[in-house]
Amino acid sequence: MTDTPGMNLENIQHHALEALAAVRTGDDLAQWRVTHLGRSSAVMAVFSGLGKLPADIRPQTGQKANQVKLELEAAFEEKVVQIRQSELSVSLQTNRVDITLPGRPARRGRLHPAMQNLRDIYKVFAEMGFQVYRSPDVETDEYNFELLNIPAHHPARDMWQTFYTTKPGVLLRTHTSPGQIWAMRERAPDSIRVILPGMCYRYEQITTRSEIQFHQVEGLMVGKNVTLADLKGTLTDFSRRMFGQNVRTRFRPSYFPFTEPSAEMDVECFLCGGHGCTVCKNAGWLEILGCGMVHPEVLRNGGYDPEIFSGFAFGMGPERITMLRRHIDDIRYFWGNDMRFLEQF
Ligand code: PHE
């Protein structure tokens, strides 16, 4: 019979559509496509057998095969949409949303108390014309010590217990003072008024009052005719702006290899008003920073002629200030990442 291939094609189509109707999942559908539209499917076999057919039925069969293929493809596309929808509704059934439940509150982020305090400090110094200057946490022995007038075997090195790296001469800065050299070498011979905030590292026992990492805020002013009076005035003014107009301060002589003369500044304990309490250990005063006039040797290392230029420098421990302002009695809270602590600020 001449119309056998046509009949055959109808069977193929019928058979394929029947199979398609039984398909329920995406995986089965993919398999169906391979079986009924793939390279070794029955429709494709008709195409590849066309050449062997008698010439008179060849065009008609080809046309019919093409039509069947297109219809199967259309049925396939329709099924894709159908399965996608039924899978979605199953997931809506099983993952039901209870729209009457109250929403979860979005947590508000906040700045770490140490950072809040640093920003207060930046603000006060900005009002006095100090720019923020950054210098590296990983330093060389040369910058951290040598250029600050602390040679290798100087006993003053014992003031800073140091984390050394495996690379000779490379260490984690023990204070922000090496930043003085960076700032001077960049700015010389112009005048300088900067603060240098940053993390410092010391190889020390961790206690309630000392950590192996902590911030410092260094200050540096270099110019012509910068005097000790400028240092005192700047730091006294800073304390008033930071702690209140009536806070009293005092300077005590001290020693640092990179300043001469050197001093430490205490502020009146603003918790007890100087009467004595546990925070100030009944002294009535709290030490918050070291300072002094930049040593001529250090000025020279920074590229300034100490005959013409002078400067002052200071280094304060902002975590100590935060502890005092916020009544925090253990410095280990700062880097302990305990949310119960952090959320209080
Ligand atoms: N770098 C000193 C310290 O870590 C503090 C300091 C800075 C003292 C600048 C004087 C001048 O203790």
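Before moving on, here are some points about what is shown:
- Comparison of Ala30, Ala55 shows that the only residue that is small (Gly, Ala, Ser), open to solvent by less than 80 Å² (accessible area, probe 1.4 Å) and not in a loop (DSSP other than H, G, I, E, B) is Ala30.
- Pairs where the first residue, in the stretch 108-119, is within 9 Å of Thr322 (Cα to Cα) and the second is aliphatic (A, V, I, L, M) and part of a helix (DSSP H, G or I), C-beta under 8 Å, 6+ apart: Pro113/Leu342; Asn117/Ile321
- When residues of the stretch 134-179 are limited to those that are part of a strand (DSSP E or B) and out of contact with any Ser or Thr (no Cβ under 9 Å at 6 or more places or on another chain), the one least open to solvent (accessible area, probe 1.4 Å): Thr140
- Leading residue by the ranking (nearest to Ile195 (Cα to Cα)) among those in the stretch 261-294 that are open to solvent by 30 Å² or more (accessible area, probe 1.4 Å) and within 16 Å of the ligand (Cβ to nearest atom): Glu264
- Count of residues meeting criterion [in a helix (DSSP H, G or I) and within 10 Å of the ligand (Cβ to nearest atom)] in the stretch 180-203: 1
- Filtered residue count, the stretch 133-152, keeping only those that are out of contact with any strand residue (DSSP E or B) (no Cβ under 7 Å at 6 or more places or on another chain), of a type outside the set (A, V, I, L, M, F, W, C) and under 19 Å from Cys291 (Cβ atoms): 1
- Residues of the stretch 204-248 that are of a type in the set (Ser, Thr, Tyr) and within 16 Å of the ligand (Cβ to nearest atom): Ser210, Thr227, Thr234.
- Meets criteria (in a helix (DSSP H, G or I), in contact (Cβ under 8 Å) with a residue 60 or more places away in the chain, away from the ligand (no atom under 16 Å from the Cβ) and farther than 17 Å from Phe214 by Cβ) for Val124: yes
- Taken over the stretch 305-328, the criterion of being more than 34 Å from the chain's Cα centre (by Cα) and surrounded by fewer than 20 Cβ atoms within 10 Å (Cβ to Cβ) is satisfied by Asp305, Pro306, Glu307, Ile308.
- Out of Leu88, Leu118, Leu101, sole residue that is out of contact with any Lys or Arg (no Cβ under 7 Å at 6 or more places or on another chain) and assigned by TED's automatic domain parsing to the domain that holds Gly233: Leu118
- Looking only at residues in the stretch 295-304 that are open to solvent by 10 Å² or more (accessible area, probe 1.4 Å) and in contact (Cβ under 8 Å) with a residue 60 or more places away in the chain, the one that is nearest to the ligand (Cβ to nearest atom) is His295.
- Within the stretch 130-179, if we keep just the residues that are touching a residue at least 12 places away in the same chain (Cβ under 8 Å) and aromatic (Phe, Trp, Tyr), the residue that is nearest to the ligand (Cβ to nearest atom) turns out to be Trp160.
- Only listed residue being more than 23 Å from Ser239 (Cα to Cα) and not basic (Lys, Arg), chosen from Asp266, Asp338: Asp338
The values are calculated or read from the model by the stated rules, or taken from the named source; none is laboratory data. Note that the structure is predicted; figures quoted are calculated from it, not measured. All Cβ positions, even for glycine, are placed from backbone atoms using ideal geometry, and neighbour counts span all protein chains on display. Just the protein is used for accessible areas: all its heavy atoms, side chains included, with ligands, DNA and RNA removed. Shrake-Rupley method; radii C 1.70, N 1.55, O 1.52, S 1.80 Å.
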